[in-house]
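Here the structure comes first, spelled out in structure tokens, and everything after it is commentary.
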Amino acid sequence: MDKKFEDVSKNVMYTAVGAVVIVAEKAQEILEECRVKGQEACEKYAVKNEELKRHAKEAFKNVVNVTVVKDEDEKAQEEKESNDVLSQIDKLSKEDLARVKEKINELEKEEKPSSEE
């Protein structure tokens with residue numbers, strides 16, 4: 001019976017040691033799998049992040065370009081209007097030209113007090 005007890009004890013001990021070894025091996029496999037999955041996820045999201053940054057920069061450039069085009073259109077319109085006024089002045093009679101000069105003088109007098117403040 002002593003031999004039987006000894007055999008059972010050895011079997012229990014071997015089973016316990018085997019369980020510890022299996023758990024350690026499985027834990028190592030799981031840790032390695034987690035590391036690989038984590039690395040893949042980081043690389044994947046780094047690529048997605050770069051794409052997102054690139055799209056944001058492109059969108060910002062498009063907004064800036066639209067604004068610049070709008071400003072150039074406004075300048076062109078102002079220049080056209082200014083040229084229209086100058087061409088109309090060339091067509092004025094002497095009397096009308098004198099009235100325009102008077103109006104300009106009046107406007108300049110009105111601006112002087114406010115610009116000196």
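Summary of computed values
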quantity	calculated
Inter-label distance for Leu86 and Lys57, nm, one decimal - labels placed 7 Å from Cα along Cα-to-Cβ	4.3 nm
The chain - Rg over Rh from alpha carbon coordinates, Kirkwood radius	1.81
Of Lys94, Lys48, Lys37, the one that fluctuates the most in a GNM where the chain has Cα springs shorter than 10 Å	Lys94
With Cα atoms, 0 to 90° folded angle of helix 94-116 axis to the chain main axis	50 degrees
Gain in span if fully extended, Lys101 to Ile22, counting 0.36 nm per residue against the direct Cα distance	18.1 nm
With Cα atoms, 0 to 90° folded angle of helix 2-90 axis to the chain main axis	10 degrees
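Throughout, read-outs are computed from the coordinates displayed, never taken from laboratory work. If you're wondering where the values come from, they're calculated on a predicted model, not measured in any experiment. Note that we place each Cβ from the backbone using ideal geometry, even for glycine, and neighbour counts take in every protein chain shown.
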